[in-house]
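Chemist: Following this message is one structure expressed as structure tokens.
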Amino acid sequence: MITTSYFAREKNIANPVCIAQVKPSWSNSREYKKLAPPWDLVDRYKKGLVTQQKYIEEYTFLVLSRLNPVEVLKEIKSLFGEDATLLCYEKAGDFCHRRIVAAWIEKGTGVVVPE
């Protein structure tokens, strides 16, 4: 089952996969850059120039709308295994793109992607 989590928990994760632009230097995760948000969007969000709703809209338009959730899920499983855990930086419950990705995969495939 594909799941999501965050880098601070990586030591407890068997099959971590980074979906951020950059992973921490200490991380042993493999990378799947297709789902990484553009630097400019992350920067504007961190500076308070973009609301969460605007972030979702831009991320969806700039990244997810160019991909097929069925193909992405298939590729993740093929490259990383059925038990891959998609990682980014924000702790559970905080706004983050990995949960946007999870919702997109769920909507497009019917496969549940829990945190």
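Chemist: Quick one: check the C-alpha center-to-center distance for the range 89-110 versus the range 1-76, whole angstrom.
Modeler: 9 Å
Chemist: For every helix of n ≥ 4 consecutive DSSP H residues, a contribution of -39,500 (n - 2.57) applies; sum these over the chain, divide by its total residues, and give [θ] at 222 nm rounded to the nearest 500 deg cm²/dmol.
Modeler: After summing the helix terms and dividing by residue count, I get -11500 deg cm²/dmol.
Chemist: Taking Rh as the Kirkwood radius computed over C-alpha pairs, what is the Stokes-Einstein D of the chain at 25 °C in a medium of viscosity 0.890 mPa s, expressed in µm² per second?
Modeler: 173 µm²/s
Chemist: At what distance in nm do the modelled label points of Val70 and Glu106 sit from each other, each positioned 7 Å from its Cα along Cα→Cβ?
Modeler: With each label placed 7 Å out from Cα toward Cβ, I get 2.1 nm.
Chemist: Leaving out ligands, DNA and RNA, and with a 1.4 Å probe, what % of the accessible surface on the chain is carbon or sulfur?
Modeler: 54 percent
Chemist: Now a separate question. Return the sequence-ordered ³J(HN,Hα) values of the range 34-41 in whole Hz as given by the Karplus equation 6.51 cos²θ - 1.76 cosθ + 1.60 applied to θ = phi - 60°, using x for Gly and Pro.
Modeler: 4, 9, 6, x, x, 3, 4, 5
Chemist: Hey, what's the chain come to in accessible area per residue, 1.4 Å probe, Å²?
Modeler: Ligands and nucleic acids excluded, the result is 56 Å² per residue.
Chemist: Here's a follow-up. Each residue of the range 103-115 in turn: what ³J(HN,Hα) in whole Hz from Karplus with 6.51, -1.76, 1.60 and θ = phi - 60°, glycine and Pro shown as x?
Modeler: Coupling constants for the range 103-115: 5, 5, 5, 4, 5, x, 10, x, 8, 6, 10, x, 7 Hz.
The values are calculated or read from the model by the stated rules, or taken from the named source; none is laboratory data. Keep in mind that what you see is a predicted model, and the values were worked out from it rather than measured. Positions of Cβ are generated from backbone atoms using ideal geometry, with glycine treated the same way; all protein chains shown enter the neighbour counts. Keep in mind that these areas ignore ligands, DNA and RNA; they rest on the heavy atoms of the full protein, side chains included. Shrake-Rupley method; radii C 1.70, N 1.55, O 1.52, S 1.80 Å.
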